[in-house]
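Enquirer: I'd like to ask some things about the structure below.
The values are calculated or read from the model by the stated rules, or taken from the named source; none is laboratory data. Note that the coordinates shown come from a computational prediction; the quantities given were computed from them, not determined experimentally. Because the Cβ atoms are built from the backbone with ideal geometry, glycine has one as well, and the counts that use them run over all protein chains shown.
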Amino acid sequence: MSALVRGNPLKALTQLKYGAVARLARMKFSDTTQGQIDRQVAIIKTMTAVEEGFDEGWANEVARQAVERGVDDLAQSRHHAALRKSGRAVDYTRINAPTVIIQGMEDPLVRLGAARKAANSIPGAQFVPLTGLGHGIGVNRWPDIAGSVSRGRMPWRLRARGRRMVRR
């Protein structure tokens, strides 16, 4: 999003949806290792679309590993602040590699228009909005998407009317 909001970092905030963030902010977790794990699981669950299914065991394992490595809640904020200060924001128009932007239609965090705008700013990029997909790509979708990307094509095509994605 950086190149799309160059000159006004606050404009990036217009590309987000806030319902999920507000729900997560209202949740209370104990200040224990298990509380931190529960918090991470809640974040994963919030970002997963219902249609993807939610693998509680997988989420708990990922959360446990993250907590054991050490969760630094301020790391992302520091990273973004340093990036802004350096003036080295990503310039999407300079990307010349084949690019596919996959956006979940049920993404609770990023507006569909923001992903479409990013794809439109990358020369030759393919924008693939997927129904049933949240903010991340669920484990059950990995084989299909990874296989398609490694073969250099996506198994979807744009239908001329309404830019709706359909399987080939």
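Enquirer: Could you list, in sequence order, all residues of the range 21-44 that are in contact with an Asp or Glu (Cβ under 9 Å, 6 or more places away or on another chain) and surrounded by 15 or more Cβ atoms within 10 Å (Cβ to Cβ)?
Expert: V41
Enquirer: Which condition number in (1) of a type in the set (S, T, N, Q); (2) out of contact with any Gly (no Cβ under 8 Å at 6 or more places or on another chain); (3) at pLDDT below 90 is the one that T32 fails?
Expert: So T32 meets the others, but not (3).
Enquirer: Also, quick follow-up: Taking the residues in the range 109-154 that are at pLDDT below 75 and touching a Ser or Thr at 6+ places or on another chain (Cβ under 7 Å) as candidates, determine which candidate is nearest to I95 (Cα to Cα).
Expert: Among those that are at pLDDT below 75 and touching a Ser or Thr at 6+ places or on another chain (Cβ under 7 Å), it is M154.
Enquirer: Let me ask another. Kindly check whether there is at least one residue in the range 89-99 that is buried (at least 17 other Cβ atoms within 10 Å of the Cβ), under 27 Å from N140 (Cα atoms) and at pLDDT 75 or above.
Expert: no
Enquirer: May I pose another question? Taking the stated definitions as given, is A42 part of a helix (DSSP H, G or I), of a type in the set (G, A, S) and modelled with pLDDT under 90?
Expert: no
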